[in-house]
Amino acid sequence: MLSSNSSIAVLIVDGQHLFAPNTEAWRRLESGEELDAYKLFEPARGASEREFANRHADLNLVIEKSFSSWLRLVLVDLGGNFQRVHLEYLTCDGCGWKGWSGNPWVPDLYVGSPEMDQALQRAYDLELLDCPRCGEKLPRASIWTEPLSKTE
Ligand SMILES: [Zn+2]
């Protein structure tokens with residue numbers, strides 16, 4: 001049972017159980033081991049996403065059970081509230097800033113949640129971020145951007 005597995009924390013987000021493996025459990029998944037009879041989707045994609053999330057205290061990489069495998073999902077910690085995001089590499093039209101951004105408006109993020117429609121609606125109501133350098137509106141919805149120190 002996953003709920004009694006001490007190497008994997010359970011989070012409930014948008015009414016859905018999501019799982020946060022510890023480093024050792026991630027390594028096992030990335031090497032192709034099964035967890036609860038499912039394998040990680042594209043295990044060979046390796047640790048790059050995990051390392052990216054680890055470098056940012058407000059990001060969490062978790063997994064969700066999909067039809068035939070475990071899918072990775074990035075959550076932004078909004079002061080104790082976890083929000084799903086799709087990470088995108090953006091360029092600001094105003095100043096040319098380039099960096100990673102978290103977009104909560106991608107409907108696919110919410111597939112699997114019993115509150116899919118409500119969760120997407122909550123995402124549309126979130127306050128969006130502007131360019132961290134010049135303050136212009138970013139080309140895509142963003143609730144998280146890489147700190148300037150990491151992108152300049
Ligand atoms: Zn800008």
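Quick notes on this structure:
- Qualifying residue in region 54-76 (condition: in a helix (DSSP H, G or I), within 22 Å of I12 (Cβ to Cβ) and among the basic types (K, R)): no
- Any pair with Cβ under 9 angstrom, 6 or more apart, that starts in region 72-87 at a residue that is in contact (Cβ under 8 Å) with a residue 60 or more places away in the chain and ends at one that is assigned to a strand (DSSP E or B) and basic (K, R): L75/R84; V76/R84
- Condition check for R140: buried (at least 19 other Cβ atoms within 10 Å of the Cβ), touching a strand residue (DSSP E or B) at 6+ places or on another chain (Cβ under 7 Å) and among the basic types (K, R): no
- Residue check: W100 meets all listed conditions (1) part of a loop (DSSP other than H, G, I, E, B); (2) in contact (Cβ under 8 Å) with a residue 12 or more places away in the chain but one, namely (1).
- Screening region 24-53 for residues that are part of a helix (DSSP H, G or I) and of a type in the set (F, W, Y) and picking the one that is farthest from V10 (Cα to Cα) gives F52.
- Positions within region 80-97 being more than 18 Å from L11 (Cα to Cα) and assigned to a strand (DSSP E or B), in sequence order: H86, L87, E88, Y89, L90, T91
- Enumeration of residues in region 37-59 that are within 11 Å of R72 (Cβ to Cβ), surrounded by 14 or more Cβ atoms within 10 Å (Cβ to Cβ) and not hydrophobic (A, V, I, L, M, F, W, C): P43, E49, R50
- Within region 78-106, if we keep just the residues that are under 18 Å from L126 (Cα atoms) and of a type in the set (F, W, Y), the residue that is surrounded by the fewest Cβ atoms within 10 Å (Cβ to Cβ) turns out to be W105.
Coordinate-derived values only; no laboratory data. Remember, predicted model here, so these are calculated numbers, not experimental data. As a convention, Cβ positions derive from the backbone with ideal geometry for all residues, glycine included, and neighbour counts pool all protein chains shown.
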